[in-house]
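Structure, as structure tokens:
The values are calculated or read from the model by the stated rules, or taken from the named source; none is laboratory data. In this text the structure is predicted, and so the values were computed from the model without any measurement. Quick reminder, even Gly has a Cβ in these numbers, built from the backbone with ideal geometry, and neighbours come from all protein chains shown. When the accessible area is computed, the model is the full protein with side chains, heavy atoms only, and any ligands, DNA or RNA have been set aside. Shrake-Rupley method; radii C 1.70, N 1.55, O 1.52, S 1.80 Å.
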Amino acid sequence: MENNSEKQINGEEGTEQQEQKTAEDIVDPWNVQASSNKGIDYDKLIDRFGSSRIDDTLLERFEKLTGQKPHHFLRRGIFFSHRDMHRILNLIEAGKKFFLYTGRGPSSEAMHLGHLIPFLLTKWLQDAFDVPLIIQLTDDEKYLWKDLKLEQCNKLAYENVKDIIAVGFDMNKTFIFSDIDFLGGEFYKNILRVQKHVTFNQVKGIFGFDESSNIGKIMFPAIQAVPSFSSSFPFIFGEKKDIPCLIPCAIDQDPYFRMTRDVAPRIGFQKPALIHSTFFPALQGASSKMSSSDENSSIFLTDTANQIKKKINKYAFSGGKDTLEEHRELGGDCEIDVSYMYLKFFMEDDSRLEEIRQQYSSGKMLTGELKAELIKILQKLIAEHQERRKVVTDDTVKQYMTPRALNFTIQK
Ligand code: TRP
């Protein structure tokens, strides 16, 4: 999921338009633009979008219900916002089940670390709650929005699927599909239901479409909406048409699901619950652009150990001081240090992370030493991912992508 890839995470460039919008960050499925060079103001975003903060009460409930510490993405505020998560936890408490839904827009062959974030939390949720999972590949979306050939988008979907499968989703509980290949049947019927109940004015307001937007874009939000409804997948859910859905995604996808939640009760369906992540920062800093086309702006899942080392050492924006003496005296700034931010995403050991934070901010630890810790972790993570991806054959892909019954019990 998203999928922070082609998002523009830009700092203040001072164009006229931006000056008029001084305090407003732009966050929608196609643009992410911070109004200050500190990056996106996530607290403001929660207020603007009307979602809820993931707070200690919610974390405690997670811990109680799973019997384990919540995933470090939750504990560290990487997933920071939600809609209706308490409703899902109430169900679990009552011994009932839900299903997970997430997705990816395949617009590039190589996925990077940022693309992994929602999938990693989804994997944790699937394991912790033992629930079925639907993964949508919006190859149609990428065709409508990008300058790419239709066949190319479809091919990229099947490439990306291998990386997604390599995250380790349970084959018996996971269905993955490409929109281009799957659309039809009950799924399409639900698309029509959504389309009939959402007007052009509404999608204009939510997504900023105008009269010159191609008509594929105008109807596309219905396609991303309907995997939220269990009745779209009769081969999985049978007669159960109202199984609740939980969607892990990056916060930029929220407009799709605000629309979905608005239309759902009007067509007799449940609103999906959501859990939102922050964006994964580019190597150059939280306010600069990370893009799949700039190979130096991120770490790709295809990078070699040596490339990882070089990129981190050369490009990862440092919060360290200019000279050794200054650094020893004043210490580094973890708030702006990209290597430290990446450690927050990928170093699982809380106490080691805290130790690093203290030593780096006090000047005891140097940028090179901080980077060395990160390089070690990322080299291992990516090498292991590559090992798992290597054994994903075309046949494995076919199995995950065949419409079929999944193995789960909805009510204990
Ligand atoms: N639109 C998303 C993207 O461009 C893909 C997507 C489809 C998705 N369904 C989703 C992402 C559900 C998160 C959750 O990457």
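List of remarks:
- Positions within segment 208-261 being among the aliphatic types (A, V, I, L, M) and closer than 16 Å to F408 by Cβ, in sequence order: I236, I243, L246
- Summed over segment 122-143, the residues that are under 23 Å from S232 (Cβ atoms), part of a helix (DSSP H, G or I) and away from the ligand (no atom under 11 Å from the Cβ) give a count of 5.
- Given (1) open to solvent by 10 Å² or more (accessible area, probe 1.4 Å); (2) within 11 Å of the ligand (Cβ to nearest atom); (3) without any contact (Cβ under 8 Å) to a residue 60 or more places away in the chain; (4) not hydroxyl-bearing (S, T, Y), number of the condition L148 does not satisfy: (2)
- Filter pass, L246 being touching a strand residue (DSSP E or B) at 6+ places or on another chain (Cβ under 8 Å) and either touching a residue at least 24 places away in the same chain (Cβ under 8 Å) or loosely packed, with under 15 Cβ neighbours inside 10 Å (or both): yes
- Residue tally, condition open to solvent by less than 10 Å² (accessible area, probe 1.4 Å) and within 25 Å of G285 (Cβ to Cβ), over segment 106-115: 5
- Top-ranked residue in segment 208-225 [being in contact with a helix residue (DSSP H, G or I) (Cβ under 8 Å, 6 or more places away or on another chain) and either open to solvent by 60 Å² or more (accessible area, probe 1.4 Å) or near the ligand (Cβ under 10 Å from one of its atoms) (or both); ranked as nearest to S51 (Cα to Cα)]: A225
- Any helices (runs of 4 or more DSSP H) falling wholly within segment 1-102 and containing at least 2 residues that are at pLDDT below 90: 16-20
Quick grid of which residues meet (1) closer than 30 Å to I312 by Cβ; (2) open to solvent by 10 Å² or more (accessible area, probe 1.4 Å); (3) over 19 Å from the mean Cα position of the chain (by Cα):
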{"position": "L65", "(1), (2), (3)": "no, yes, yes"}
{"position": "K69", "(1), (2), (3)": "yes, yes, yes"}
{"position": "D84", "(1), (2), (3)": "no, yes, no"}
{"position": "D127", "(1), (2), (3)": "yes, yes, no"}
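- For E109, the criteria (1) more than 9 Å from the ligand (Cβ to nearest atom); (2) without any contact (Cβ under 8 Å) to a residue 40 or more places away in the chain; (3) not aliphatic (A, V, I, L, M) hold in every case but one, which is (2).
- Within segment 112-133, tally of residues that are free of Cβ contacts under 8 Å to residues at least 60 places away in the same chain and over 21 Å from S231 (Cα atoms): 4
- Among the residues of segment 89-99, those that are in contact (Cβ under 8 Å) with a residue 40 or more places away in the chain and surrounded by fewer than 24 Cβ atoms within 10 Å (Cβ to Cβ) comprise L91, G95, K96, K97, F98.
- Residues (touching a Gly at 6+ places or on another chain (Cβ under 9 Å) and surrounded by fewer than 13 Cβ atoms within 10 Å (Cβ to Cβ)) located in segment 184-207: none
- Complete set of residues in segment 253-282 that are at pLDDT below 95 and either of a type in the set (A, V, I, L, M, F, W, C) or assigned to a helix (DSSP H, G or I) (or both): F279, F280, A282
- Selected residue (criterion: nearest to L121 (Cα to Cα)) from residues of segment 249-265 that are open to solvent by less than 10 Å² (accessible area, probe 1.4 Å) and more than 13 Å from the ligand (Cβ to nearest atom): A264
- The listed residue being closer than 15 Å to I308 by Cβ, buried (at least 19 other Cβ atoms within 10 Å of the Cβ) and modelled with pLDDT of 95 or more, out of I356, I375: I375
- Listed by first and then second residue, the pairs with beta-carbon distance under 7 Å, at least 6 apart or on different chains, first residue in segment 23-34 and in contact (Cβ under 8 Å) with a residue 40 or more places away in the chain, second open to solvent by 10 Å² or more (accessible area, probe 1.4 Å) and acidic (D, E), are A34/D25.
- Boolean, S232 is within 28 Å of V32 (Cα to Cα), buried (at least 19 other Cβ atoms within 10 Å of the Cβ) and either within 15 Å of the ligand (Cβ to nearest atom) or among the acidic types (D, E) (or both): no
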